[in-house]
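Down below is the structure, laid out as structure tokens.
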Amino acid sequence: MPHTLGIDIGTFESKGVLVDAQGQIIASASRPHKMIVPRAGWAEHRADEDWWGDFVFLCRALLAQSGLDPARIKAIATSAIGPCMLPVDAAGAPLMNGVLYGVDTRATDQITALNTQIGAETIHRRCGNALTSQQVGPKILWLKQTHPELYAQTAMVLTSTSYLTWKLTGHYVIDHYTAANFSPLYDIERQDWTADLAPDILPLEKLPRLMWSTEIAGHVTPEAAAETGLAIGTPVTCGTIDAAAEAVSVGVQHPGQMMMMYGSTIFIIQVTAQAVKDARLWYAPWLFPGTHAAMAGLATSGTLTHWFRDTLAGDTDFPTLVAEAQASPKGAKGLLCLPYFSGERTPIHDPHARGAFFGLNLTHSRGDMFRAVVEGIAAGTAHVLETFAEAGASPAQVMAVGGGTKNALWLQATSDFGGVAQQVCTKTVGASYGNAFLAAVAIGAADPADIALWNPKEREVLPEAVPAYALHYPLWKQLYRQTRDIMQALA
């Protein structure tokens, strides 16, 4: 019976699963790590300690827990946070910490310069995406301009998943879905790297080879086998970004289906029949040829709840905070929270946006404040859903996934603010499970449609009409617009 291995490296935690041919999880493991914030607006991971170190730990933990002969693992698929920027030298060794996805806003000046040099409309037409903090191209330019000595040593620029694949197989590859976030270096019509728009950012030979996510990138090398305990020669797929694997895990595959990922950030993917070109959203080819994806993401979501707990709630656990928030009425007694504690990604693309609590008085409790945080995140999500509708891509079905689905308060607030029903599947493990499925598809052990059998729907969260939200949501949007200049002056 073939088994497959899926591992995902997240912002604060990595997870892995071993799965049998019917999609049953026979072993699971996780490992936490920290996001490094050297200064405001920066976000980093250590490639060897956080990415590869977690991968090795999880492999050995899964093999020990299952007692499975490594030779029975017929394929491996990985995913990780993305898109990231990691320069490596000629030996493949990292030259600095990995610069994370859109939560890292260090390349704001480079974004402005590239938009001026190339033209924002040209970039959007050729690359399918506006230049924002989510894109890797400006971050490579930041490296060139601020650390020329490291840039000179750079033999290849990788992202998190491609670094794992390199460590496993010795091959530098990247999937099209991830590569589309390297604007202005990826042409969406040609589905290939391009130097036409910005020839001075990086020579194209220093970018990984493009592949589709379920293509086999290579096989486990003797060196990787010695570190991980895996069998030499095990096939390894190209891999993808964690959010894409998470969408796969709950059956998002047809146009109109949307994934709502509840994690360190809210991340949304909707499969579409045609490319959706709206500068407020992101675009990428989907994981399989001939399909497309429209995407969005908040900058802080689960990250903000962690900040609240660590900063304002001491040793209080999340179940206690949720219980306190549930005791607060919907609308948090008139308290609004802007969740822009690390700038904001979609739909406003404002790295200078700042978080705020508005309406505080001496009657408000910690539970009111935590409810306001959750409702602020839900309002930000509703703003994204509103943008999808304006772009002509309202979802036909929304699938919720991720650790945040355990938080009933958060799920319900999202449905209420966004006016959408959400389906939750039996398994909410997320990206690592999606990877195990993609690995099975890659070797022909599963068909893409089989995910409905692997992970059936368990329940549905229906939207409720909440008068307080109907009042608060327009005011919430006004709050950002009316305080934007003040927030930027304070930045």
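The values are calculated or read from the model by the stated rules, or taken from the named source; none is laboratory data. Source: prediction; values computed, not measured. Glycine gets a Cβ as well: all are built from the backbone with ideal geometry, and neighbour counts include every protein chain shown. For accessibility, only protein heavy atoms count, side chains too; no ligands or nucleic acids. Shrake-Rupley method; radii C 1.70, N 1.55, O 1.52, S 1.80 Å.
Among the residues of the range 43-52, those identified as open to solvent by less than 20 Å² (accessible area, probe 1.4 Å) and not in a loop (DSSP other than H, G, I, E, B) are Glu44, His45, Ala47, Asp50, Trp51, Trp52. Looking at this structure, is Asp315 in a loop (DSSP other than H, G, I, E, B), open to solvent by 40 Å² or more (accessible area, probe 1.4 Å), among the charged types (D, E, K, R) and on the phi < 0 side of the Ramachandran plot? Yes.
Limited to the range 119-131, what total is found for residues that are in contact with a Gly (Cβ under 8 Å, 6 or more places away or on another chain) and surrounded by fewer than 24 Cβ atoms within 10 Å (Cβ to Cβ)? Counting residues in the range 119-131 that are in contact with a Gly (Cβ under 8 Å, 6 or more places away or on another chain) and surrounded by fewer than 24 Cβ atoms within 10 Å (Cβ to Cβ) gives 0. Checking Leu63, Leu5 one by one, the residue that is among the aliphatic types (A, V, I, L, M), over 22 Å from the mean Cα position of the chain (by Cα) and open to solvent by less than 50 Å² (accessible area, probe 1.4 Å) is Leu63 and no other.
Among residues of the range 347-372 that are over 24 Å from Thr105 (Cβ atoms), those with a beta-carbon under 7 Å from a residue that is modelled with pLDDT under 95 and in a loop (DSSP other than H, G, I, E, B) at least six positions away or on a different chain give the pairs Arg366/Ala313. For the range 113-148, the tally of residues that are part of a helix (DSSP H, G or I), touching a residue at least 40 places away in the same chain (Cβ under 8 Å) and among the hydroxyl-bearing types (Ser, Thr, Tyr) stands at 1. Applying a threshold of 6 Å to beta carbon distances and a minimum spacing of six or more residues, or different chains, the list of pairs starting in the range 282-295 at a residue that is touching a residue at least 60 places away in the same chain (Cβ under 8 Å) and at negative phi and ending at one that is part of a loop (DSSP other than H, G, I, E, B) and open to solvent by less than 10 Å² (accessible area, probe 1.4 Å) reads Trp282/Asn129; Tyr283/Gly128; Tyr283/Asn129; Leu287/Ser213; Ala293/Trp286; Ala294/Leu281; Ala294/Ala393.
Of all the residues in the range 8-42, those that are in a loop (DSSP other than H, G, I, E, B), open to solvent by less than 50 Å² (accessible area, probe 1.4 Å) and of a type in the set (D, E, K, R) number 1. Yes or no: the range 54-62 includes at least one residue that is of a type in the set (A, V, I, L, M), in a loop (DSSP other than H, G, I, E, B) and more than 19 Å from Gly239 (Cα to Cα). No, the range 54-62 has no match at all.
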